[in-house]
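One structure below.
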Amino acid sequence: TVMPATIAGDAQIEELDGLLFTALGQALDALDKMRCHEGEVLCQELLNRSAALDTLADRIEGLREGADRRIFDRLKQRITELAGQSAAPERIAQEAAILAERGDVSEEIQRLKSHVGQFRDTLKAPPDGGETGKRFDFLLQEMNREANTILSKTAGDGAGLEITDLAIQAKAEIEKLREQVQNLQ
């Protein structure tokens with residue numbers, strides 16, 4: 001009589017194993033669905049933030065386009081105040097060119113836009129080999145470097161204040177991207 005009880009116990013264990021594996025499979029399927037949905041939402045958030053960075057870069061670029069003329073006019077006024085009417089226009093133009101060159105952020109804007117584009121491309125088509133996280137970290141570091149350079153090259157008056165504000169906003173967006181990228185696996 002011992003044997004039939006063992007057979008009955010084995011059958012119950014097999015039935016419980018079957019139920020357990022079915023429940024586990026369902027739970028894993030639900031987890032995969034939830035993670036896929038979360039990934040889609042996160043990807044959209046990253047795309048939206050990268051689009052915001054593009055907009056900020058475009059606005060900075062728009063403000064910088066007229067900066068050379070404003071620098072020249074401001075410098076001419078200041079030199080005229082200091083030296084009177086005897087300031088040579090060639091010298092004013094030379095000084096204005098030097099100031100404009102020091103404050104030129106067009107290269108930084110283009111590199112920022114390039115890094116944002118690469119970030120977006122990586123989101124849409126991650127590289128093989130599991131190096132996506134390192135690539136995002138690198139691109140975010142480079143974006144931050146460009147925003148910092150824009151800040152350091154921008155004078156703090158007129159359009160410069162607007163550019164400074166936009167560059168600070170860009171840095172905030174980059175930091176938000178960095179935080180979200182930490183959630184990727």
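Values in this text are rule-based calculations from the coordinates and carry no lab data. In this text the structure is predicted, and so the values were computed from the model without any measurement.
Structure data summary
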item: Against the rule of thumb 2.2 N^0.38 Å, how large the Cα Rg of region 113-185 comes out; result: 1.26
item: Within straight-line cross-link reach of K76, aspartates and glutamates at Cα separation under 20 Å, skipping those fewer than 8 residues along the same chain; result: E65, D68, E90, E95, E101, D104, D157
